[in-house]
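Peer 1: Mind looking over this structure? Questions follow.
The values are calculated or read from the model by the stated rules, or taken from the named source; none is laboratory data. Only a predicted model underlies this, so the values are computations on that prediction, with no experimental measurement involved. Cβ placement follows ideal geometry from the backbone for every residue including glycine, while neighbour counts extend to all protein chains displayed.
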Amino acid sequence: MDPNRKHWNEQLKLLRKALNDSEDHQTAIDLFLRQHAMVHDAEMSNVGLYSFADEVWDRASEMTLRCVPPKFEHSIAWIIWHLARIEDMTMNGLLVAKTQVFFQDDWPTKLKIDLRHSGNVVMDDVDVTELSKVIDIDALKAYRLAVGRSTQEVVKALEADDLERNIEPARLQELLENGSVVEEASDLLTYWGSLTIAGLLLMPSTRHNFVHLNEALRVKKKCQ
C-alpha cells in the first residue's frame with residue numbers, strides 16, 4: 001500500500017479510539033485536524049502534511065477535471081463539489097448552529113450553479129455532466145478551501161462533552177428547509193441523526209473525503 005494511505009489508515013484507527021475516550025479529548029481533536037488536513041489542499045492548513053486533494057489537482061487539466069469517463073458516474077469537478085457541500089452542511093449546519101459557507105458571499109453565483117444540495121440520489125448522468133461542464137473550477141477550489149478552514153475552526157472550539165452529543169433534530173430539519181437536502185435523499189438525515197458529534201467527525205468530514213478523493217484519482221487516470 002502507498003505509504004501515505006497506510007499512514008492515514010493507521011491514524012484513522014487512533015482517531016476512532018481517541019474519540020471514544022472522553023479523557024483523550026485533545027488527542028482526538030489534534031488527530032482529527034491532521035486527518036482532515038490531509039484530505040484538503042495543503043494550503044488549507046499549511047501544516048506540512050501530505051495532501052490527497054493536491055494529488056488529485058496535480059497536473060490535471062480543466063478537461064480532465066470536467067471529464068466523466070465511460071463506466072464512471074462522476075467527474076473530478078462533481079466529486080470536489082459533492083465533498084464540499086456534504087462537509088459544509090454537516091460541520092456548519094449540524095455540528096454547530098452556524099450559517100453554511102455556501103450561503104455566504106454568494107457562492108452559487110461564483111460557482112455558476114443553482115443547486116443547493118449535494119447531489120445524493122437526485123442527479124442522473126445528464127445532470128452530473130451538466131454540472132461538470134458549467135461549474136467554475138477556480139471558485140470550486142476556493143469554496144472547498146473556505147469550507148475546510150471553517151471546519152478546522154469549528155472543531156478546535158469543541159469541548160470534551162460535545163463529542164457525546166447527538167445531532168439536534170431542528171438542525172436536521174433546517175437542511176431540508178434550506179434545500180441542502182432534498183426529500184429524495186432524506187435517508188441522509190436519518191443517518192446523520194443517528195450519530196453523535198464524534199461520529200460526525202469520522203463520517204463524513206474525514207473518511208468520506210478520503211473515499212471520494214481516491215475515486216477522483218481513478219477518474220483522473222481514465223481521463224488523462
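Peer 1: For P204, all conditions in the list (1) crowded, with 19+ Cβ neighbours inside 10 Å; (2) more than 11 Å from the chain's Cα centre (by Cα); (3) within 23 Å of F103 (Cα to Cα); (4) of a type outside the set (S, T, Y) hold save one; what is the number of the exception?
Peer 2: Looking at each condition in turn, P204 falls short on (2).
Peer 1: Something else now. Looking at the stretch 67-74, can you tell me whether even one residue there is within 29 Å of E164 (Cβ to Cβ) and surrounded by 19 or more Cβ atoms within 10 Å (Cβ to Cβ)?
Peer 2: no
Peer 1: If the Cβ limit is 9 Å and pairs must be 6+ apart or interchain, which residue in the stretch 156-168 that is of a type in the set (A, V, I, L, M, F, W, C) pairs with which residue that is assigned to a strand (DSSP E or B) and at pLDDT 90 or above?
Peer 2: L163/T196; I167/T196
Peer 1: State which residue pairs qualify: first residue closer than 17 Å to E73 by Cα and modelled with pLDDT of 95 or more and inside the stretch 130-146, second residue of a type in the set (G, A, S) and not in a helix (DSSP H, G or I) in any location, beta carbons under 7 Å apart, and separation of 6 or more residues or different chains.
Peer 2: Close Cβ pairs satisfying both conditions: S132/S75.
Peer 1: Something else: How many of the residues in the stretch 111-128 are at pLDDT 95 or above and surrounded by fewer than 18 Cβ atoms within 10 Å (Cβ to Cβ)?
Peer 2: 1
Peer 1: Hey, another quick one. Does V181 satisfy the condition of being surrounded by 15 or more Cβ atoms within 10 Å (Cβ to Cβ), touching a helix residue (DSSP H, G or I) at 6+ places or on another chain (Cβ under 7 Å), under 30 Å from T27 (Cβ atoms) and aliphatic (A, V, I, L, M)?
Peer 2: Spelling it out, it is not the case that V181 is surrounded by 15 or more Cβ atoms within 10 Å (Cβ to Cβ), touching a helix residue (DSSP H, G or I) at 6+ places or on another chain (Cβ under 7 Å), under 30 Å from T27 (Cβ atoms) and aliphatic (A, V, I, L, M).
Peer 1: For W78, all conditions in the list (1) free of Cβ contacts under 8 Å to residues at least 40 places away in the same chain; (2) part of a helix (DSSP H, G or I); (3) hydrophobic (A, V, I, L, M, F, W, C) hold save one; what is the number of the exception?
Peer 2: It is condition (1) that W78 fails.
Peer 1: So which helices (runs of 4 or more DSSP H) are wholly in the stretch 148-224 and hold at least 1 residues that are farther than 21 Å from D2 by Cβ and of a type outside the set (K, R)?
Peer 2: Hits in the stretch 148-224: 169-177, 187-193, 197-202.
Peer 1: Hey, can you tell me all the residues within the stretch 81-98 that are more than 11 Å from the chain's Cα centre (by Cα) and either crowded, with 20+ Cβ neighbours inside 10 Å or part of a helix (DSSP H, G or I) (or both)?
Peer 2: N92, G93, L94, L95
Peer 1: Restrict the check to the stretch 99-109 and report whether at least one residue is assigned to a helix (DSSP H, G or I), under 23 Å from M203 (Cβ atoms) and at pLDDT 95 or above.
Peer 2: yes
Peer 1: Which residue, of T196, T190, is of a type in the set (V, I, T) and in contact (Cβ under 8 Å) with a residue 12 or more places away in the chain?
Peer 2: T196
Peer 1: Do any helices (runs of 4 or more DSSP H) entirely within the stretch 1-62 hold 1 or more residues that are within 22 Å of H82 (Cα to Cα) and of a type in the set (G, A, S), and if so, which?
Peer 2: 25-38, 42-45, 52-57
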